[in-house]
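Down below is the structure, laid out as structure tokens.
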Amino acid sequence: MSGNKIEAALALLNGAIATHGSSLIYPSSFAAEASVLIDMIGRNNLPIPVLTLDTGRLPQSTYDVISEVEQRYDMKVQIVFPDCREVEQMVRDHGVNLFRHSIEERKLCCQVRKVNPLNRVLHGKTAWITGRRREQSEGRGDLQSVERDPVYGLTKYNPLLDWSWEEIWDYIRANDVPYNKLHDHFYHSIGCECCTRAISVGEDARAGRWWWENDESVAECGLHVISPILEKPAGEEGEGI
Ligand code: SF4
């Protein structure tokens with residue numbers, strides 16, 4: 001694990017704090033990348049609120065790591081829920097397993113359970129942190145460390161963009177960081193329990209998400225659309241921006 005990558009990630013986080021102050025948040029998935037970022041935030045007492053979207057369909061292992069993180073770093077994770085009336089209406093109209101019916105219905109479920117709650121918490125914010133990495137999928141190959149999100153109108157920071165999967169795990173092991181135990185069972189990308197599976201050797205890291213759709217071009221939940229407009233905030237120079 002290169003110390004330079006850790007320093008660069010910390011520099012990006014500190015640059016984001018300097019630029020956006022209390023208008024910066026970290027909506028976390030609590031997968032392996034999140035473990036690294038939360039450790040950096042907790043270990044260095046960085047003033048970045050950590051939140052997670054509780055869709056109502058998360059695996060128990062995600063609740064377990066949230067609880068572990070809160071104890072380890074003396075941190076309060078903000079749990080954000082979807083609007084219960086929206087969920088009830090959706091389930092009445094489309095059934096409890098609507099995400100299996102069609103791509104459109106899966107996207108509707110992600111919209112109600114993830115995107116709408118995220119919109120609510122992003123209101124009034126100017127920037128957010130993500131744990132996305134280029135090697136996660138072909139669709140993420142063109143990402144930049146700092147992007148302008150055209151949908152939310154916010155700046156998006158990706159401190160782990162050039163980290164490999166091995167480097168993520170080197171960091172977790174070296175620092176004894178709490179992690180989602182589904183990773184011990186060959187899960188890479190972790191989301192809702194019903195929409196995530198383990199992957200086989202050689203499969204794309206995001207092949208375990210919505211695998212039944214069999215279409216890489218739509219394998220995103222809508223939280224992260226491609227953000228092509230680059231922005232270089234004042235006071236940040238150099239690498240990866
Ligand atoms: S990942 Fe699956 S269960 Fe979770 S919000 Fe999206 S479609 Fe619904």
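When each of ARG72, ARG43 is tested for being open to solvent by 10 Å² or more (accessible area, probe 1.4 Å), out of contact with any Pro (no Cβ under 6 Å at 6 or more places or on another chain) and either under 23 Å from TRP165 (Cβ atoms) or at pLDDT 95 or above (or both), the lone residue that passes is ARG43.
Selection over region 198-217 of residues that are surrounded by 15 or more Cβ atoms within 10 Å (Cβ to Cβ) and either modelled with pLDDT of 80 or more or part of a helix (DSSP H, G or I) (or both) gives a count of 6. Considering only residues that are closer than 24 Å to ASP176 by Cα and free of Cβ contacts under 8 Å to residues at least 12 places away in the same chain, which ones fall in region 75-102? If the condition is that a residue be closer than 24 Å to ASP176 by Cα and free of Cβ contacts under 8 Å to residues at least 12 places away in the same chain, then LYS76 is the only one that fits.
Taken together, the criteria exclude TYR187 from residues that are at pLDDT 70 or above and away from the ligand (no atom under 16 Å from the Cβ).
Among the residues that make up region 26-36, is at least one of them open to solvent by less than 70 Å² (accessible area, probe 1.4 Å), more than 25 Å from TYR187 (Cβ to Cβ), more than 13 Å from the ligand (Cβ to nearest atom) and in a helix (DSSP H, G or I)? No, region 26-36 contains no residue that is open to solvent by less than 70 Å² (accessible area, probe 1.4 Å), more than 25 Å from TYR187 (Cβ to Cβ), more than 13 Å from the ligand (Cβ to nearest atom) and in a helix (DSSP H, G or I). What's the total number of residues in region 168-189 that are open to solvent by less than 40 Å² (accessible area, probe 1.4 Å) and closer than 22 Å to TYR73 by Cα? The total comes to 9. Candidates are the residues of region 75-119 that are within 14 Å of the ligand (Cβ to nearest atom) and of a type in the set (Lys, Arg); the one that is least open to solvent (accessible area, probe 1.4 Å) is ARG106.
When region 46-65 is filtered for residues that are buried (at least 18 other Cβ atoms within 10 Å of the Cβ) and of a type in the set (Lys, Arg), nothing remains. Within region 145-159, the residues that satisfy the criterion of being open to solvent by 10 Å² or more (accessible area, probe 1.4 Å) and modelled with pLDDT under 90 are PRO150, VAL151, TYR152, GLY153.
Out of all the residues in region 123-136, is one or more aliphatic (A, V, I, L, M), at pLDDT 90 or above, open to solvent by less than 60 Å² (accessible area, probe 1.4 Å) and touching a strand residue (DSSP E or B) at 6+ places or on another chain (Cβ under 9 Å)? Checked against the condition, which is being aliphatic (A, V, I, L, M), at pLDDT 90 or above, open to solvent by less than 60 Å² (accessible area, probe 1.4 Å) and touching a strand residue (DSSP E or B) at 6+ places or on another chain (Cβ under 9 Å), region 123-136 yields at least one hit.
The values are calculated or read from the model by the stated rules, or taken from the named source; none is laboratory data. Nothing here was measured: the structure is a model prediction, and the numbers come from that model. Here Cβ is always computed from backbone atoms with ideal geometry, including for glycine, and neighbour counts include all displayed protein chains. To get the accessible areas, we keep the full protein, side chains included, count just its heavy atoms, and leave off ligands, DNA and RNA. Shrake-Rupley method; radii C 1.70, N 1.55, O 1.52, S 1.80 Å.
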